[in-house]
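To start, the structure itself, in structure tokens.
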Amino acid sequence: MAEGIRIAVVGTGANGASLGADMVRAGLDVTFIEQWPAHVEAMRANGITVHLPETTELTPVRALHLCEVAELRAPFDIVFISVKTYDTRWVTELIKPLLHDDSVVVGLQNGMTIDDVAEIVGPHRTIGAVLGIAANMYEPGVVVRQIPPSGTWLTVGTYDGGHSQALDDVAEALAHCGTVVVSPNIRASKWMKLIANIPEMLPSAILNVPLLEAVRIPGIREVMDEVACEAYRLARQLGITMTPIFGRAAAGVTNSEEYAISLLDNVLESYSLPNTRVAVLQDWDKGRRAELDAFSGYIVRQQAALGSTAPVNSAVLAIAERIESGELAPSKDNAPLLRAALGHTASVGTSR
């Protein structure tokens, strides 16, 4: 990595803070930019504490509140965005004045946010990323990272699939956080993560239980598998190439719906502990709006644009929307609603 590279991490929740702390400990010039006032003050006073499975690391960091961004003048070379998908556009606009022609913005996020970033800062300044990590934040200044750097996988790639010095710099920076793979087709890589996220995020959150508990509830794994398969079928319709993620070998990639199911198996085996609660449920625990549109909502919208439906994803999304509206509460009592979602395939059939 070239000397003097300035890095910003915008959104320093569980993932952003723990990955940012890895880079700070490696001696990189990193500025944390955060919107939660209590979190900013905690980091200023005590640094960021990251509880790992076998150790705890305390890292002093430079933390700024969003309102202080307007006071900055020197541009950043790399900006990692780690905010909720629905905050992507305004955060990218916020940081845009602090970019130079060769700066890049990297979305360390779930969902397909690369198009939003590219629309605002240009495809040449957009790098996509896929994360294989599990972390939680329950209080300001403290992260519980359930997967250490040795088990963390990150995939990065340029918007157009080409090579650039900036991509090398991003990969080198993230190499302090986990194993990094450079993808020639980051859109396909992000689709693989989306297919893995679809079955875990909304179903287990709707049930208000850790992911590993959700899959043991009768009938729920079948719902999870079907929403994943709907996402897989949509990806194939869109011409997405199945590609390895999570450190898989290319030989482990199959052009069948079984690959979608196996991606969830990867999440369950490598990124889930008995108390792992998915990001959607963590948001609901905090009384916050969740990223429904990034998961089943995205599948429903994209399928509708093709003139057809994703019935089980639509049914699961409707349950989650009832929770967001306050009509329902996250609970295992919602299991019958999820099992009933499979009935929505009756009118359209299924290829499984």
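The values are calculated or read from the model by the stated rules, or taken from the named source; none is laboratory data. From a predicted model like this one, the values you see are computed outputs, not experimental measurements. When we count neighbours, we look across all protein chains shown, and the Cβ atoms used for this are built from the backbone with ideal geometry, even at glycine. Accessible surface is based on the protein model in full, side chains and every heavy atom, while ligands, DNA and RNA are left aside. Shrake-Rupley method; radii C 1.70, N 1.55, O 1.52, S 1.80 Å.
Output the residue which, of all residues in segment 250-296 that are of a type in the set (Asp, Glu) and under 19 Å from the mean Cα position of the chain (by Cα), is nearest to GLU200 (Cα to Cα). Let's see the steps before the verdict.
Taking segment 250-296 and keeping what is of a type in the set (Asp, Glu), we get 257-258, 265, 269, 283, 285, 291, 293.
If we keep only those that are under 19 Å from the mean Cα position of the chain (by Cα) as well, we get 265, 269, 283, 285, 291, 293.
Numbers: ASP265: 10, GLU269: 13, ASP283: 15, ASP285: 16, GLU291: 13, ASP293: 15 Å.
Restricting to residues being of a type in the set (Asp, Glu) and under 19 Å from the mean Cα position of the chain (by Cα), the top hit is ASP265.
I need the full set of residues from segment 54-74 which are in a helix (DSSP H, G or I) and surrounded by 15 or more Cβ atoms within 10 Å (Cβ to Cβ), in order please. Steps first, answer last, please.
Step one: list which residues in segment 54-74 are in a helix (DSSP H, G or I), which gives 66-71.
Within segment 54-74, LEU66, VAL69 meet the criteria.
Here is a check on your reading of the model: is VAL106 crowded, with 17+ Cβ neighbours inside 10 Å and free of Cβ contacts under 8 Å to residues at least 40 places away in the same chain?
no
Hey, does segment 215-225 have a residue that's within 30 Å of GLY157 (Cα to Cα), open to solvent by less than 10 Å² (accessible area, probe 1.4 Å) and not hydroxyl-bearing (Ser, Thr, Tyr)?
yes
Would you point out the residue of segment 1-32, among those that are touching a strand residue (DSSP E or B) at 6+ places or on another chain (Cβ under 9 Å) and in a loop (DSSP other than H, G, I, E, B), that is surrounded by the most Cβ atoms within 10 Å (Cβ to Cβ)?
THR12
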Restricting attention to segment 115-126, report how many residues are open to solvent by 10 Å² or more (accessible area, probe 1.4 Å) and β-branched (Val, Ile, Thr).
-> 1
Just for segment 46-69: of the residues that are free of Cβ contacts under 8 Å to residues at least 60 places away in the same chain and of a type in the set (A, V, I, L, M), which one is farthest from THR92 (Cα to Cα)?
-> LEU58
May I ask you to verify whether VAL180 is over 20 Å from ILE299 (Cα atoms), assigned to a loop (DSSP other than H, G, I, E, B) and touching a residue at least 24 places away in the same chain (Cβ under 8 Å)?
-> no
Selected residue (criterion: most open to solvent (accessible area, probe 1.4 Å)) from residues of segment 255-286 that are under 23 Å from LEU234 (Cα atoms) and among the small types (Gly, Ala, Ser) = SER256
Among the residues of segment 231-246, is any within 29 Å of GLY326 (Cα to Cα) and touching a residue at least 12 places away in the same chain (Cβ under 8 Å)?
-> yes
Please state which one of MET224, MET201, MET242 is of a type in the set (A, V, I, L, M) and more than 21 Å from ALA340 (Cα to Cα).
-> MET242
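Just to be sure before I move on: is GLU200 open to solvent by less than 30 Å² (accessible area, probe 1.4 Å) and part of a helix (DSSP H, G or I) in the structure I sent? Before you say what the answer is, go through the steps one by one.
On the way: open to solvent by less than 30 Å² (accessible area, probe 1.4 Å): yes; part of a helix (DSSP H, G or I): yes.
So GLU200 fits the description; yes.
Tell me whether segment 265-278 contains one or more residues that are aromatic (Phe, Trp, Tyr) and at pLDDT below 95. Before you say what the answer is, go through the steps one by one.
Applying the first criterion (aromatic (Phe, Trp, Tyr)) to segment 265-278 yields 271.
Pick out the ones that are also at pLDDT below 95 and you get 271.
The answer is yes, given that some residue of segment 265-278 is aromatic (Phe, Trp, Tyr) and at pLDDT below 95.
Listed here are the residues, each with its yes/no results for (1) in contact (Cβ under 8 Å) with a residue 12 or more places away in the chain; (2) not in a strand (DSSP E or B).
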position	(1), (2)
ARG89	yes, yes
HIS100	yes, no
TYR138	no, no
VAL143	yes, no
ILE147	yes, yes
Residues in segment 149-176 that are within 30 Å of GLY287 (Cα to Cα) and either more than 20 Å from the chain's Cα centre (by Cα) or part of a strand (DSSP E or B) (or both) total 2
Residues (open to solvent by 10 Å² or more (accessible area, probe 1.4 Å) and among the hydroxyl-bearing types (Ser, Thr, Tyr)) located in segment 127-171 = TYR138, SER150, THR155, THR158, TYR159, SER164
